[in-house]
Amino acid sequence: MSDLRELIRDKKRIVVKIGSSSLTHKETGDIDYIRMEKLVRELSDIRNQGKEVILVSSGAIAAGKNAMHLKEIQAESQAEAMAVKQACSAVGQARLMMTYQRLFSEYNQIAGQILMTKNTIVDNLNRYNAHNTFSQLLKFGVIPIVNENDTIATYEIEIGDNDTLSAIVAALVGADLLILLSDIDGLYTDDPRKNPEAEFVEQVDELTDEYLDMGKGSTGSSVGTGGMNTKLIAAEIATRSGADMIIANSRDIGVLHMILAGEHEGTLFVAHEDENFDLPDFVQNLHND
Ligand code: GLU
């Protein structure tokens, strides 16, 4: 097996996704500033190496819930629950960005915000505009911070989870690497919390149906929305659009520079660019099966 990890050092346009469970304290659900600060320092350092970086950050709903002292989302109907979630994200996204802006400016970096829905990709004009905005921001050396526009994204137009969103962003901007930071080490042949025989998979050369089936039915942690299934959907989007993807444990945020130094951290899904991959079509059909 040739060491593809060595080639990770040369990646130039990198999307990093961090989930809510990696950014909040388990006990309180409140933002973990130390981890957030470490993340910002790592990303700033990647920028300083001359690479382009995009951050896809969750945590808006969690931050909003906390700001408004809501322990659980309590509602009498589904419509009300949706409105509460959207209100939480409106408050939380602004708070999250306020913190990111402050931390990035301490490291002399400029951050910008992009909020997306399914329509951003499916609609031709929206997609064209989003692509131009990302390109211009990267040209300016800005670090775009992306989330789903949860304040307006109801079921019909939601992507639904940030694993998928981050892969869509990677495909849209032609990134060469996507890193998903999560509370798991990577891909296992079965759920390691339930099956002690489950084996760690260090590299997926080709994303066959056998792999895609491994994620079915997994729910992951209760804080974010992504389990292994969404990570495998992300792997499909990323690898077919020509980006390598790595799932790694965010226990130590320093894993980012280890990955970029070519170390064997997490699971690597090897890119296989597919000319027939149609991003808008794929996104249109998300959640339809
Ligand atoms: N967009 C959601 C938020 O910022 C999180 C989605 C996810 O964790 O996948 O709270």
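The values are calculated or read from the model by the stated rules, or taken from the named source; none is laboratory data. Treat the numbers as computed from the prediction; the structure is a model and nothing was measured. A quick note on method: Cβ atoms are made from the backbone with ideal geometry, for glycine too, and the neighbour counts reach across all protein chains shown. Side chains are part of the model used for accessible areas, which takes the heavy atoms of the whole protein and leaves out ligands, DNA and RNA. Shrake-Rupley method; radii C 1.70, N 1.55, O 1.52, S 1.80 Å.
Numerical summary
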item	result
Single residue of the range 155-210 satisfying the filter (in a loop (DSSP other than H, G, I, E, B) and within 16 Å of the ligand (Cβ to nearest atom)) that is nearest to ILE247 (Cα to Cα)	ILE184
Counted residues, the range 136-154 - those being over 24 Å from ILE246 (Cβ atoms), away from the ligand (no atom under 12 Å from the Cβ) and without any contact (Cβ under 8 Å) to a residue 60 or more places away in the chain	3
Selection from the range 77-115 of residues that are under 20 Å from LEU39 (Cα atoms), open to solvent by 30 Å² or more (accessible area, probe 1.4 Å), within 13 Å of the ligand (Cβ to nearest atom) and of a type in the set (S, T, N, Q)	GLN113
Among the residues listed as GLU37, GLU42, the single one being open to solvent by 60 Å² or more (accessible area, probe 1.4 Å) and not small (Gly, Ala, Ser)	GLU37
Of the criteria (1) modelled with pLDDT of 95 or more; (2) more than 15 Å from VAL16 (Cα to Cα); (3) open to solvent by 40 Å² or more (accessible area, probe 1.4 Å), which one ASP185 fails	(1)
Lone unmet requirement of (1) assigned to a loop (DSSP other than H, G, I, E, B); (2) touching a His at 6+ places or on another chain (Cβ under 8 Å) for ALA75	(2)
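Here's the yes/no breakdown for (1) over 22 Å from GLU263 (Cβ atoms); (2) out of contact with any helix residue (DSSP H, G or I) (no Cβ under 7 Å at 6 or more places or on another chain); (3) more than 13 Å from the ligand (Cβ to nearest atom):
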| residue | (1), (2), (3) |
| --- | --- |
| LEU23 | yes, no, no |
| TYR33 | yes, yes, yes |
| GLU52 | no, no, yes |
| LEU55 | no, no, no |
| GLY59 | yes, no, no |
| MET68 | yes, no, yes |
| THR117 | yes, no, no |
